[in-house]
Amino acid sequence: MNPDGSLQPSLRRTPTVRRALVEAVIGGGLAGRIGTLGELVTDPAEYERAGPAAWATGAAMLVSTDLIREIGPWDESFLLYSEETEFALRAADRGWTLWYEPSSVFEHIGGDSGVNPTLAALLTVNRVRLFRRRRGSAAGSLFFAAVVLGEAARALAGRRTSRASVMALLLPSRRIRKLAD
């Protein structure tokens, strides 16, 4: 939940090139409300029932020690964003299921990646890097192109976070490598 008590969408579907392209064209919020077109699950009804999910925000997770023993810890090379995605998808590869439980409610004070250009760029770069790592260079290049297309369109519309994301995607020297001390 957000601090004001409203729903903070936290469930995600498996990233695909198709989803990235649809989100580039119509936006992630709208894509998430139309069937399974978007990666982010935005339909409030989906948050009323328990069930499996491909991955979820790492803000609040209860993780089995057996799982950690089997697959190891989160991959900290992702630096802040995508480590929970990588962990959940790696667990699913080994037969584990991420389970969403609606009766377990947490307040998450966050969302800075939606307003902070540096954090938005980090999230976007890590998202593309994870996809490429999991799916290979051919599919990764298509995913990269779809994400650049979507971020560029939003940058042209004046969104600062998207402009920073495009710059970080296209100019690796502009990417954040570590958090400030």
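The values are calculated or read from the model by the stated rules, or taken from the named source; none is laboratory data. In this text, all values refer to a predicted model and were calculated from it rather than measured experimentally. All Cβ positions, even for glycine, are placed from backbone atoms using ideal geometry, and neighbour counts span all protein chains on display. Accessible surface is based on the protein model in full, side chains and every heavy atom, while ligands, DNA and RNA are left aside. Shrake-Rupley method; radii C 1.70, N 1.55, O 1.52, S 1.80 Å.
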>> Which of rounded, prolate or oblate describes the stretch 1-63 when judged by the alpha-carbon gyration tensor and an a/c cut-off of 1.5?
In response: prolate
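Out of the stretch 8-87, which trypsin sites (Lys or Arg not before Pro) are coil in DSSP terms and have no more than 14 other C-beta atoms within 10 Å? Before the final figure, lay out the partial values.
Working: sites: Arg12, Arg13, Arg18, Arg19, Arg33, Arg49, Arg69; in loops: Arg13, Arg49.
Filter output for the stretch 8-87: Arg49.
Can you figure out the FRET efficiency of Arg132 with Leu30, using R₀ = 30 Å and their beta-carbon distance, to the nearest 0.05? Don't jump to the answer; show the numbers that get you there.
Working: r = 26 Å, r/R0 = 0.86.
Using R0 = 30 Å, I get an efficiency of 0.70.
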>> Place a point 7 Å from the Cα of Arg175 along the Cα-to-Cβ direction; which residues of the stretch 84-106 have their backbone N under 11 Å from it?
In response: none
> How much area per residue is accessible in the stretch 10-117 when the probe is 1.4 Å and only protein heavy atoms are counted (Å²)?
Replying inline: 56 Å²
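Over the stretch 94-181, what portion of Cα pair distances is larger than 14 Å, expressed as a whole percent?
The calculated P(r) of the stretch 94-181 puts 70 percent of pairs beyond 14 Å.
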>> Just to confirm the number: angle between the C-alpha axis of helix 160-170 and the first principal axis of the chain, 0 to 90 degrees, nearest 10?
In response: 80 degrees
> Where does each of 121-128, 25-32, 135-142 land if you order them by average Cβ count within 10 Å, highest first?
Replying inline: 121-128, 25-32, 135-142
>> Taking only the Cα atoms of the chain, how large is their convex hull per residue, in Å³?
In response: 132 Å³
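Shape of the stretch 79-137 from its Cα gyration tensor (a ≥ b ≥ c, root eigenvalues): rounded if a/c is under 1.5, otherwise prolate when a/b > b/c, or oblate? Before the final figure, lay out the partial values.
On the way: a/c = 3.51, a/b = 1.03, b/c = 3.39.
Judged from the Cα gyration tensor, the stretch 79-137 comes out oblate (a/c at least 1.5, b/c at or above a/b).
Tell me the mean residue ellipticity at 222 nm calculated for the chain from its helices only (DSSP H runs of n ≥ 4, each -39500 (n - 2.57), averaged over every residue, nearest 500).
Working: 7 runs with 84 residues, N = 181.
The per-residue figure over the chain is -14500 deg cm²/dmol.
Is there a quick way to get the dipole size of the chain? I mean about its Cα centre, with the Cβ of Lys and Arg at +1 and of Asp and Glu at -1; what is the value in debye to the nearest 20?
Numbers: 23 positive and 19 negative charges, 202 e Å.
It works out to roughly 980 debye.
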>> Looking at the chain as a GNM with Cα springs under 10 Å, which of Thr16, Thr97, Thr65 has the largest mean-square fluctuation?
In response: Thr65
>> Can you classify the stretch 53-109 as rounded, prolate or oblate using the Cα gyration tensor, where a ≥ b ≥ c are the square roots of its eigenvalues, rounded means a/c under 1.5, and otherwise it's prolate if a/b beats b/c and oblate if not?
In response: oblate
> What's the angle, to the nearest 10 degrees (0 to 90), between helix 117-135's Cα axis and the longest principal axis of the chain?
Replying inline: 70 degrees
> What are the radius of gyration and Dmax of the stretch 127-178, computed over its Cα atoms and given in Å?
Replying inline: 11.4, 32
